[in-house]
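Just below is one structure, and these are the notes that go with it.
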Amino acid sequence: MYQRDLAYIHDTGFTGFVAKAAPGLLRMLRQNRIHGGLVVDAGCGSGVWARQLTDAGYPVLGIDISASMIGLARKQAPTAKFVVESFLRTRLPPCRAVTSIGECVNYAFDPNSGKPALVRFFRRVYDALRPGGVFIFDVVEPGLAPDGTPQRKFLEGPDWAILLEVQENRKRGILTRRISSFRQVGRLYRRSDEVHRLRLFARAELQAMLSQAGFQVRTLSGYGRLRFAPAHVGFLARKAS
């Protein structure tokens, strides 16, 4: 679940999506007349989006199950508040917006993750939002990878490298990412291995779950100028004024 080295690698090499999404996300908040008030960042990672929010004047509560990510986030966005917990179970305070950027809703780090837990989470988000508040998030859908066939990639940066294997089981609705990371420490490289499992949901299923929680829902093909890749979809769920 993003231990020390993989959290570092993610922060240094894989935060471009959030950085590119930020202008469009801020625009969506303002278009929905949310110019201030608490924003809850569920699955905040290393705090890149939290920093964009605090720079724009929003108070932020960031939630992430990875203590290593929260350690980075506290340095990245020192005026925000952070907690190390699963956002599926954390008490959500009254707020103007909840965001979950970068497939966080898919991740099965919490052993209690799955459709029932997600239904409960959506209801808790709805209850926490002030009237007119919004819930913005994105997910990967089934079809990201060929069914059953492992896809392998090698990625590298100035002081790190990753061997990544992605495999999708459409019958079970699970995407598995096996990650071997190598981070330079002194003159040598330290290896660590993690397995990340994502639960895949079709957009129609998520729309129905959000509507049942009380939201007015529309799907998103991107955040502003950032367009999503295939099998990636976003949601703007609004609580009526």
Seminar exercise, completed: Working note, the stretch 159-199: Cα radius of gyration (Å, one decimal) and Dmax (Å, whole number) are 13.3, 45
Problem set entry | Residue-span extension gain [Lys20 to Arg178] - 0.36 nm each, minus C-alpha spacing | 54.3 nm
For this session: Between Arg218, Arg187, Arg51, find the one with the highest GNM mean-square fluctuation for the chain; connect C-alpha pairs within less than 10 Å.
Result: Arg187
Seminar exercise, completed: When the chain is treated as a Gaussian network with springs between alpha carbons less than 10 Å apart, the largest mean-square fluctuation among Leu155, Leu200, Leu53 is found at Leu155
For this session: Could you tell me whether the stretch 62-183 comes out rounded, prolate or oblate from its Cα gyration tensor? Rule is a ≥ b ≥ c as square roots of the eigenvalues, rounded for a/c under 1.5, then prolate if a/b exceeds b/c, otherwise oblate.
Result: oblate
Problem set entry | Rounded to whole Hz, the Karplus (6.51, -1.76, 1.60) HN-Hα couplings of the stretch 151-158, x for glycine and proline | 10, 10, 9, 10, 10, 8, x, x
Exercise. Reported to two decimal places, what Rg/Rh ratio describes the stretch 89-135 when computed on Cα atoms with Rh from the Kirkwood expression?
Worked result: 0.97
Exercise. Heavy-atom accessible area per residue, the chain, 1.4 Å probe: how many Å²?
Worked result: 48 Å²
Seminar exercise, completed: At 25 °C and 0.890 mPa s, the Stokes-Einstein diffusion coefficient in µm²/s for the chain, with hydrodynamic radius from the Kirkwood sum on alpha carbon pairs, is 134 µm²/s
Exercise. Which whole-number percentage describes the relative contact order of the chain, with Cα contacts under 8 Å and a sequence gap of 6 or more?
Worked result: 19 percent
Seminar exercise, completed: As straight-line cross-link partners of Lys171, the qualifying lysines (C-alpha separation under 19 Å, not fewer than 8 residues apart within one chain) are Lys115
Exercise. Using +1 on the beta carbon of Lys and Arg, -1 on that of Asp and Glu, and nothing else charged, what's the dipole of the stretch 17-125 about the Cα centre, debye to 20?
Worked result: 340 debye
Problem set entry | Cα-based shape type of the stretch 1-93, given that a ≥ b ≥ c are square roots of the gyration tensor eigenvalues and the cut on a/c is 1.5 | oblate
Exercise. Stretch Arg4-Val185 to full length: gain in nm at 0.36 nm per residue minus the Cα-Cα span?
Worked result: 63.9 nm
For this session: Can you spot the lysines whose alpha carbon is less than 25 Å from Lys81's alpha carbon? Ignore those fewer than 8 places along the same chain.
Result: Lys20, Lys239
Problem set entry | Of all accessible heavy-atom area on the chain, the percent that carbon and sulfur account for (1.4 Å) | 50 percent
Seminar exercise, completed: Here the gain from full extension of Asn112 to Glu165, 0.36 nm per residue of separation minus their alpha-carbon distance, amounts to 16.6 nm
Seminar exercise, completed: Rounded to the nearest 500, the 222 nm mean residue ellipticity computed for the chain from DSSP H runs (n ≥ 4, each -39500 (n - 2.57)) alone is -9000 deg cm²/dmol
Seminar exercise, completed: the chain, Gaussian network, Cα under 10 Å: of Gly214, Gly186, Gly114, the residue fluctuating most is Gly186
Exercise. Looking only at the stretch 18-49, which residues have a backbone nitrogen under 20 Å from a spot 7 Å from the Cα of Arg130 in the C-beta direction?
Worked result: 25-42
Problem set entry | Compactness index (Cα Rg / 2.2 N^0.38 Å), the stretch 118-241 | 1.34
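The values are calculated or read from the model by the stated rules, or taken from the named source; none is laboratory data. Because the structure is a prediction, the values reported are computed rather than measured. Using ideal geometry, Cβ is built from the backbone for each residue, glycine included, and neighbour counts are taken over all protein chains shown. When the accessible area is computed, the model is the full protein with side chains, heavy atoms only, and any ligands, DNA or RNA have been set aside. Shrake-Rupley method; radii C 1.70, N 1.55, O 1.52, S 1.80 Å.
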